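Structure first, commentary second.
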Amino acid sequence: MLAAELLEGLESHPTLRFLTLDGVFTLSRILGHLKRSILQPQPISESNPSHPPQFLPEHLQNFIREAIDLPANVIDDLWRILRHHIWTIPTMPLMEEDRRLFKVFGWKWGVTAMSIYPPEDVCTNSNCEHCIPLKKSFVKKAVVYTQSHGVQPAWVTSLYCPKCHTSYHNNFAVNAGIRTYYSGIPEFVQVGEHQFVEGKLGYTWRANMLYGWFSASNTSRVYRSSMTDISFFDPLDWGLSDTLTTAQVWDSFVILGLLEDSVARSQPLLVPHTGDQADRFKRAMDTCSG
């Protein structure tokens, strides 16, 4: 959509004509980060990732209404005017004020600045005939340790294929008790049931441990002390601890190394899905060192 058409649509609306240009930019940034969250609850007919759906999910309507301070009866009109613009522009980085809006107005509606999904929304099992978007989902809270924004809350969604019984997560797929990691290095590495580490942060930790002789415990302490705004994430608000454990530091180290090895060998990383996290990667490490 051309900017002139967008502005014309807003200008002709009796309420939205008062929306500022800054408000339009804020909406573009925020909604651009929520495309997967917009699509996932939609019916199959409205789930084409190339086209914006007709309506926002109710929880996102509530978030936008409060964050931008708009009456509830104009949100559908707002989305109708903006949706093609938001769907076609590149995703823009969030500003700190955007993150504050998510915290103040979004968390209570189940909306966070970070939403973690599987890479695809369809079953990728070559032996499975289920070819429509997966709609059976499981959602849970998580914390994400990031390089630039400290500890961030996130909602993590996994998808389930009813045909082949495969569960799709952000880092891996699970079938018959086996995790098969996707090829390549993920943006966020899962190091616990509810914990993720930003990949580039994991590489920073690894460099410090290899070349700076940092222990895992000192890596955790340095990360905590280097956070510029420790007040943003309150475990009491989110219900999960923000404490970075030495086990999570080590797991990021191990998983990154195993994924790099799997890429080099052009073979997927396979590990048990059940059992203790401490034992999960032992056989894979033995294979690498053998």
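All of the numbers you see were taken from the coordinates with simple rules; none came from a lab. Since we're looking at a predicted model, the values are computed, not measured. No Cβ is skipped: glycine too gets one built from the backbone with ideal geometry, and neighbour counts run over all protein chains shown.
Our estimate of slack between Arg100 and Ser226, defined as 0.36 nm per intervening residue step minus the Cα-Cα distance, is 43.3 nm.
Dividing the Cα radius of gyration of the range 37-126 by its Kirkwood radius returns 0.97 for Rg/Rh. Any chance you could give the angle, 0 to 90 degrees and rounded to 10, that helix 58-68 forms with the longest Cα principal axis of the chain? With rounding to tens, the tilt is 70 degrees. What percent does the relative contact order of the chain come to when contacts are Cα pairs within less than 8 Å and at least six residues apart? Relative contact order for the chain comes out at 13 percent.
Each residue, His273 and Ile44, gets one label point 7 Å from its Cα in the Cβ direction; the gap between the two is 2.3 nm. Short-range pairs are left out: with C-alpha atoms under 8 Å and at least six residues apart, the relative contact order of the range 3-111 is 33 percent.
Averaging the sequence gap over all C-alpha pairs within less than 8 Å and six or more residues apart, then dividing by the number of residues, gives the range 151-289 a relative contact order of 27 percent.
Between the labelled values [x] 6, 25, 27, 18, 13, 8, 3, 0; [y] 5, 22, 25, 23, 15, 7, 2, 1, 0; [z] 6, 24, 30, 24, 12, 3, 0, 0, the entry that holds P(r) over Cα pairs in 10 Å bins from 0, in percent as derived from this structure is [z]. Excluding same-chain neighbours fewer than eight residues apart, the aspartates and glutamates reachable from Lys163 by a Cα-Cα span under 16 Å are Asp121, Glu129. Can you give me the angle between helix 246-265 and the longest principal axis of the chain, using Cα atoms only, in degrees from 0 to 90, rounded to the nearest 10? Once rounded, the angle reads 90 degrees.
Could you state the number of Å between the C-alpha centres of the range 141-158 and the range 95-124? Comparing the Cα centres of the range 95-124 and the range 141-158, I get a distance of 9 Å. The distance between label points at Arg283 and Asn218 comes to 3.6 nm (points 7 Å beyond Cα on the Cα→Cβ vector). Around the amide H of Ile178, modelled in the peptide plane, lie the amide H atoms of His273, all under 5 Å away and 5 or more residues distant in sequence or on another chain. Here the range 11-62 is treated with +1 on each Lys and Arg Cβ and -1 on each Asp and Glu Cβ, and its dipole about the Cα centre works out to around 140 debye. For Lys141, go through the lysines and keep the ones whose alpha-carbon is under 26 Å away, minus same-chain ones fewer than eight residues off. Within reach: Lys35, Lys103, Lys108, Lys200. Centroid-to-centroid, using Cα positions, the range 207-243 and the range 1-73 are 35 Å apart. If only the Cβ of Lys and Arg carry +1 and only the Cβ of Asp and Glu carry -1, the dipole of the range 3-111 around its Cα centre is close to 380 debye. Can you give the angle from 0 to 90° between the axis of helix 216-226 and the longest principal axis of the chain, with both taken from C-alpha atoms, to the nearest 10? The helix 216-226 is inclined about 30 degrees to the chain. Partnerless cysteines in the chain, where a partner means another cysteine C-beta under 4.7 angstrom, comprise Cys131, Cys288.
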